[in-house]
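Below: one structure, written as structure tokens.
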Amino acid sequence: ILLESLLTLAIFAMITSLLLSAINQGRIQQMQDYQEQEALNVAKMAVQTGQNELTLNGVQVHLVRDERSIRVYHDKKEILNVEKK
């Protein structure tokens, strides 16, 4: 009986650990999605106001424009590239 109880407890602990790990991973993904969305919102505001750099709510974006394209950078990473054909 004791062995069965220990085995059941071990299985329950493993399932709980897997569940908490999945929840944590989901929260991390949700935060990354939120940060990307916030950067795109700031980029949209920068394009609408004609600015090359804009910082809002701690999110900084940098726009590089030429006659055929607009590229948006956030944390030195290109997050958006729009080209005119």
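The values are calculated or read from the model by the stated rules, or taken from the named source; none is laboratory data. What you are looking at is a predicted structure, and each value in this text was computed from that prediction instead of being measured. Here the Cβ is made from the backbone with ideal geometry for all residues, glycine too, and neighbour counts use every protein chain on show. In case anyone asks, the SASA skips ligands and DNA or RNA and just uses the protein heavy atoms, side chains included. Shrake-Rupley method; radii C 1.70, N 1.55, O 1.52, S 1.80 Å.
Expressed as a whole number of Å, what is the distance separating the alpha-carbon centroids of the stretch 70-85 and the stretch 34-69?
9
Using θ = phi - 60° and the Karplus relation 6.51 cos²θ - 1.76 cosθ + 1.60, list the HN-Hα couplings for the stretch 6-15 in order, rounded to whole Hz, with x at every Gly or Pro.
Once rounded to whole Hz, the list reads 5, 5, 4, 5, 5, 5, 4, 5, 5, 5.
Where the accessible area of the chain is counted over protein heavy atoms with a 1.4 Å probe, how much of it, in %, is carbon and sulfur? Spell out each step's value before the answer.
Working: 4240 of 7190 Å².
Percent of accessible area from carbon and sulfur atoms in the chain: 59.
If you place +1 on the Cβ of every Lys and Arg, -1 on the Cβ of every Asp and Glu, and leave all else neutral, what size is the dipole of the chain about its Cα centre, to the nearest 20 Debye?
Working: 9 positive and 10 negative charges, 64 e Å.
That gives the chain a dipole magnitude of about 300 debye.
Go ahead and run the numbers for FRET between Met14 and Thr55, Cβ-Cβ distance against an R0 of 30 Å, rounding to 0.05. It would help to have the intermediate numbers written out before the result.
On the way: r = 45 Å, r/R0 = 1.52.
Once rounded, the FRET efficiency stands at 0.10.
What list of ³J(HN,Hα) values in whole Hz, one per residue of the stretch 41-57 in order, does the Karplus curve 6.51 cos²θ - 1.76 cosθ + 1.60 (θ = phi - 60°) give from phi, with Gly and Pro shown as x?
Going residue by residue, I get 5, 5, 4, 4, 5, 5, 5, 5, 9, x, 8, 8, 9, 8, 10, 8, 6 Hz, with x marking Gly and Pro.
Quick check on the chain: take the gyration tensor over C-alpha atoms, sort the square-rooted eigenvalues as a ≥ b ≥ c, and tell me if it's rounded (a/c under 1.5), prolate or oblate.
On the way: a/c = 6.37, a/b = 4.05, b/c = 1.57.
Taking the square roots of the gyration eigenvalues as a ≥ b ≥ c, the chain is prolate.
State, to one decimal in nm, how far the label point of Arg68 lies from the label point of Leu6, with both points 7 Å from Cα in the Cβ direction.
7.1
Can you list the HN-Hα couplings for the stretch 18-29, worked out from phi with the Karplus curve (6.51, -1.76, 1.60; θ = phi - 60°), rounded to whole Hz and with x for Gly and Pro?
Using θ = phi - 60°, the values come out as 5, 5, 5, 5, 5, 5, 4, 5, x, 5, 4, 5 Hz.
With every protein chain left in place, what is the accessible area per residue of the stretch 1-73 in square angstrom, probe 1.4 Å?
Values: 5860 Å² over 73 residues.
Dividing the accessible area of the stretch 1-73 by its residue count gives 80 Å².
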